[in-house]
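What follows is a set of notes on a single structure, which appears directly below.
The values are calculated or read from the model by the stated rules, or taken from the named source; none is laboratory data. Quick caveat: nothing in here was measured; it's all calculated off a predicted structure. Cβ placement follows ideal geometry from the backbone for every residue including glycine, while neighbour counts extend to all protein chains displayed. To get the accessible areas, we keep the full protein, side chains included, count just its heavy atoms, and leave off ligands, DNA and RNA. Shrake-Rupley method; radii C 1.70, N 1.55, O 1.52, S 1.80 Å.
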Amino acid sequence: MKPPAELRRARAVVRALQRLGDEALDPSLDPGLARRCLDLARAPLTVEALALEASRARGRELLSSVGVVVAQGVFTAPLEWAALYATMGLRVLLKAPRQQAETCLALAEAMQAQGLPVQASTGRDLSGLEALVAFGGEQTAVELAQAWPQARLTAFGHRVSAAWVTAPTEPSALAALALALAQDHLLYDGQGCMAPVAVFVEGERLALAEALHLALSQAPWPRGPLDPALGPLWRERLGLARARGRAWSGAQHAVLLLPADALLPRALPRMAVLLPADPAALATLPLSSLAVQGAPPPHQAPRTCLPGQLQLPPFPRRHDGVDMVECVLAAPPARIA
């Protein structure tokens, strides 16, 4: 018996993902860290998961083409979108960021080698596409809606992530939590909407800060070069912590203890910011994901996970609360998440 079309395409997609090598890596990251991030990102994209998720579109009016407008940041971000939509049988165009095009170009080449209609370009021409899935700021969404009004647009604006934890008193549990939080800060060097901007702590913050400082000091991969534009902000935050809290710094990381009113909704590479567990401060964040250990806060996020899993989103899932399949079904256009 001939296998379903989704299954045949899913097998081709997974073969393409397996072909990705160093040419697909983000050169701003340590190569070992970048390879680890790539392996983690494609791990949930199995033949079974892709085929099952794509099959949900059967019997529904499916659009024939989609453009994925990729933002600069987490280099593996386009993998799950291209993989799912190629499995669904759509023609896919990856609009790559000019300063970080390597992954999109390598992914499109690998997909084409398996006979899948996936292309990548740094150009701005999105004509002929029936759907657009866009990442970036609100201005990007406005410009796309104006330039391509005929396309169904789903735009994801700026969001951030955080952790809400209870500091254990038992030493081994404290060390385990610190290792999990360290992974959340290490992967992708803190880039993207799933990197924690703050860790809200119930209990003894000082002990957790010291354990996290140790865990980050023992990171298996070096941090990529710090963008010179971030140097002043890095020094400003260190100075603020020294004046209003505590600061631990290493050659390539920092751990800060700050009051809740010092919350800044931007993650810096390998800088962990520990705040008191303040629900009002948490509620000010436009959350994408929230890592929770212990009693959950009253304010929830579109995605909740355990510490250590912030940068490892499952598949399938709702991205910031939006169903990925529904983005390419015939429906009223212009949805901004």
*In the stretch 95-104, what residues are free of Cβ contacts under 8 Å to residues at least 60 places away in the same chain and in a helix (DSSP H, G or I)?*
C104
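For every residue, the table says whether it meets (1) on the phi < 0 side of the Ramachandran plot; (2) open to solvent by less than 30 Å² (accessible area, probe 1.4 Å); (3) assigned by TED's automatic domain parsing to the domain that holds A41; (4) outside any loop (DSSP other than H, G, I, E, B).
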{"residue": "A211", "(1), (2), (3), (4)": "yes, yes, no, yes"}
{"residue": "R235", "(1), (2), (3), (4)": "yes, no, no, yes"}
{"residue": "P265", "(1), (2), (3), (4)": "yes, no, no, no"}
{"residue": "L274", "(1), (2), (3), (4)": "yes, yes, no, yes"}
{"residue": "P296", "(1), (2), (3), (4)": "yes, no, no, no"}
{"residue": "F315", "(1), (2), (3), (4)": "yes, yes, no, no"}
*Is there a residue being free of Cβ contacts under 8 Å to residues at least 12 places away in the same chain and of a type in the set (A, V, I, L, M, F, W, C) anywhere in the stretch 133-145?*
yes
_Filter result for the condition that a residue is crowded, with 23+ Cβ neighbours inside 10 Å and touching a Ser or Thr at 6+ places or on another chain (Cβ under 9 Å), over A182, A178, A167, A162_ = A162
*Qualifying residue in the stretch 236-244 (condition: more than 25 Å from H158 (Cβ to Cβ), at pLDDT 95 or above and in contact with a helix residue (DSSP H, G or I) (Cβ under 8 Å, 6 or more places away or on another chain))*: yes
*Collect the residues in the stretch 237-262 that are open to solvent by less than 30 Å² (accessible area, probe 1.4 Å) and assigned to a helix (DSSP H, G or I), keeping them in residue-number order.*
R237, L238, A241, A260, A262
*asked:* If I filter the stretch 111-121 for residues that are out of contact with any Gly (no Cβ under 6 Å at 6 or more places or on another chain), on the phi > 0 side of the Ramachandran plot, modelled with pLDDT of 95 or more and open to solvent by 40 Å² or more (accessible area, probe 1.4 Å), do I get at least one hit?
replied: yes
*Say whether the condition of being free of Cβ contacts under 8 Å to residues at least 60 places away in the same chain and open to solvent by less than 20 Å² (accessible area, probe 1.4 Å) is met by at least one residue in the stretch 282-289.*
no
*Tally the residues that are over 28 Å from A280 (Cα atoms) and in contact (Cβ under 8 Å) with a residue 24 or more places away in the chain, restricting the search to the stretch 228-267.*
2
_Residue selected from the stretch 89-102 under the condition closer than 21 Å to R9 by Cβ and of a type outside the set (G, A, S), by the criterion surrounded by the fewest Cβ atoms within 10 Å (Cβ to Cβ)_ = R91
